[in-house]
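Below is one structure, written out as structure tokens; comments come after it.
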Amino acid sequence: MSGTPVVIEAAVNGANPIAPRLPHEISETALACLDAGAAVVHNHIDMFGDPHDAAARYREGWEPVLAERPDALLYPTINGIGTVEERYSHITPLAETIGLRIGVIDPGSVNLGAGFAYVNSGSDIDYQQALCERHGLVPGMSIFEPGFLRAALAYWRAGKLPPGTMLRFYFGGPAMEESGGFWFGLPPTEASLEAYLQMLGDCPLPWSVAVLGGDLFASELPALALERGGNLRVGLEDHQGREIANEELVAEAVKAVEQSGRSVASPAETVELLGL
């Protein structure tokens, strides 16, 4: 595993108010991140609601990217906070119109601050998995808490996850505790990573590390993950701290990969690695 090329994902905005958000900004930052070494780009848009309108807004930002980089791997977030059918209502039009290849499964519930609980019931998770299966999407699974990983492993043992399913280990950064905004997750330490890897056991699914509400590169996680065969997720959705651009975070990830002795996966190599 240590010689496997490293998939770098750039999550370019999320709820960060200073991050790129309009379609032309998404196009520009996605291309910059791909040029810097990212294989996967994830973004939110500036609206929720009608599934066809939301899908069209994603396409507005993605089509210029795919025109220049047809190998680009792009995927969305959920369509607002409602029923699971509403949250995932834009996935089908994206899969049918722009060749979406990466899906989203959030296998659990978590408090994202004092006033908001992000809830995914067991039936919600079943719906998300079935939607990925219906459209041939290889999912990424957000692991906010250890219980999320236990749920993911249950789906894997049941044969319901394709072998390229990416488990994204989200560690809670110090900015979340300091601001009182996000109260979740293990801290970004070696002990926390080892806890996840002990739980993972012999499961061969690929995994990545990210620090939400902090600086991934101010932690020991990049070197530890790369040594243990993991991948990296960076970007302004997660990052808090020093002022930096998405593509600069990707460049730092590339540097960490090179220092580890591994290679950076191109989009084409990522398609092979994840079975897209």
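The values are calculated or read from the model by the stated rules, or taken from the named source; none is laboratory data. Keep in mind it's a predicted model, so treat the numbers as computed, not measured. Neighbour counts run over all protein chains shown; Cβ positions are idealised from the backbone, glycine included. Only protein heavy atoms, including side chains, enter the accessible area calculation; ligands, DNA and RNA are left aside. Shrake-Rupley method; radii C 1.70, N 1.55, O 1.52, S 1.80 Å.
Please say if the range 141-243 is rounded, prolate or oblate, where rounded means a/c under 1.5 for a ≥ b ≥ c the square roots of the C-alpha gyration tensor eigenvalues, and otherwise the choice is prolate for a/b larger than b/c and oblate otherwise?
Details: a/c = 2.03, a/b = 1.68, b/c = 1.21.
Cα axes put the range 141-243 in the prolate bin.
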Rounded to the nearest 20 debye, what is the charge dipole size of the chain about its Cα centre when +1 sits on each Lys and Arg Cβ and -1 on each Asp and Glu Cβ? 620 debye
Collect residues whose amide H, placed 1.01 Å from N in the peptide plane, falls under 5 Å from the amide H of Tyr88; neighbours closer than 5 in sequence don't count. Asn79
Within the range 231-265, name every residue whose backbone N is under 20 Å away from a label modeled 7 Å from Cα of Asp35 along the Cβ vector. 234-236, 244-255, 264-265
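Report, in debye and to the nearest 20, how large the dipole of the range 1-149 comes out about its Cα centre when Lys and Arg carry +1 and Asp and Glu carry -1 on their Cβ. Mind showing how you got there, number by number?
Details: 7 positive and 19 negative charges, 34 e Å.
Rounded to the nearest 20 debye, it is 160 debye.
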Sites Glu190 and Ala218 - FRET efficiency at Förster radius 22 Å, r taken between beta-carbons, to 0.05: 0.95
May I ask you to evaluate 6.51 cos²θ - 1.76 cosθ + 1.60, the Karplus curve with θ = phi - 60°, for each residue of the range 161-166 and list the ³J(HN,Hα) values in order in whole Hz, giving x for glycine and proline? 10, x, x, x, 4, 8
By how many nm would the segment from Arg242 to Leu205 grow when fully extended, if each residue of separation counts as 0.36 nm and the alpha-carbon distance is taken off? 10.1 nm
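Let me have the relative contact order for the chain, percent, based on Cα pairs under 8 Å that are six or more residues apart.
Working: 541 pairs, mean separation 68.3, N = 276.
Computed over the chain, the figure is 25 percent.
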The longest stretch of the chain containing none of the chymotrypsin sites (Phe, Trp or Tyr not before Pro) that sit in a DSSP loop with at most 16 other Cβ atoms within 10 Å is 1-115
Expressed per residue, the solvent accessible area of the chain in Å² (1.4 Å probe) is about 41 Å²
For the range 68-140, what is the charge dipole size about the Cα centre, in debye to the nearest 20, if Lys and Arg each add +1 at the Cβ and Asp and Glu each add -1 at the Cβ? 100 debye
Karplus-derived 3J(HN,Hα), 6.51/-1.76/1.60, for each residue of the range 76-83, Hz, glycine and proline x: x, 9, 6, 9, x, 10, x, 5
Nonlocal amide H pairs with Gly103, under 5 Å, H built at 1.01 Å: Val138, Gly140
The farthest towards the positive end of the charge dipole of the chain, of the residues Leu273, Val12, Leu74, given +1 on Cβ of Lys and Arg and -1 on Cβ of Asp and Glu, is Leu273
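Please report the carbon-and-sulfur percent of the accessible area for the range 187-276; probe 1.4 Å, protein heavy atoms only, DNA, RNA and ligands left out. Display every interim value, and only then the final one.
Details: 1860 of 3750 Å².
Using a 1.4 Å probe with all protein chains present, the range 187-276 comes out at 50 percent carbon and sulfur.
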What full-extension length gain, to one decimal in nm, is calculated for Glu227 and Asp126 as 0.36 nm per residue of separation minus the Cα-Cα distance? 33.0 nm
Cβ-Cβ cut-off under 12 Å around Thr92, Lys and Arg +1, Asp and Glu -1: the net charge is -1
